[in-house]
């Protein structure tokens, strides 16, 4: 009897040991959930809605950012702009925002500079010379771009190092870094905004989920025309004043 019990105990211990090794292996293979873009346009298709392919900025987005799971995390955030390669492109783009929603209004001011070459095939992380997860194959982006810009065959790629930035989880997205302006990006229909989180987040670099990439899908609208809300109100005020003057001149 004692021999039978000892064998049962031995097999139980071996079973627990194998489960422990499997669990540790699973933990070792666990990959951080990728970044997901968010924006403040009306949350109905096609505005700011993850449709399984991308997240269209729509016509009324004035702010955008990225979330991570699990969050919050503080890491080196890099914004990457993808501009269709048949469009005119500047040497750089100016990006502004704030570090932490209403809780931390420290300003963000960064410059996105042009990466050498054009991205026309393969993976975005390879093109940028980094190792990231997911790798972001061009097939996740180019078909949607060509649907609105048939002349595009790839992208000019711009990178902006935002530095150590607090990235929140999805329910608290607005408490993390928020961006409100990319000067000159408003006409780049078919372009994308994606993010990477390096030092401070897990390794390899955490990239953006393909469906979480922010897609500039509307000409001259939210697709890059990020006008901060106070400025938008000022512009509306000027427009109303103009209408009032025009109406007064007709009466006189």
(Q) Residues of region 137-159 with backbone nitrogen within less than 19 Å of a virtual label 7 Å along the Cα-to-Cβ line of residue 91, please, listed as ranges. (A) 156-159
Q. Semi-axes of the equivalent ellipsoid of region 77-117: what are they in whole Å, largest first, if each equals the square root of 5 times a C-alpha gyration tensor eigenvalue?
A. 27, 9, 9
Q: Rank-order 179-185, 55-61, 131-137, 42-48 by packing density, defined as the average count of other C-beta atoms within 10 Å over each peptide's residues, highest first.
A: 55-61, 179-185, 131-137, 42-48
Q. What is the distance, in nm, between label points placed 7 Å from the Cα along the Cα-to-Cβ direction at residue 116 and at residue 53?
A. 3.5
Q. In nm, to one decimal, how far is the modelled label at residue 104 from the one at residue 74, with both set 7 Å along Cα→Cβ?
A. 0.6
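May I ask for the equivalent-ellipsoid semi-axes of region 91-151, computed as the square root of five times each C-alpha gyration tensor eigenvalue and listed largest first in whole Å? Before the final figure, lay out the partial values.
Numbers: eigenvalues 160, 49, 40 Å².
So the equivalent ellipsoid measures 28, 16, 14 Å along its semi-axes.
Laboratory data are not the source of any read-out in this text; all were calculated from the coordinates shown. Being a predicted model, the structure only gives us computed values, none of them experimental. Every residue, glycine among them, receives a Cβ derived from its backbone with ideal geometry; neighbour counts consider all protein chains shown.
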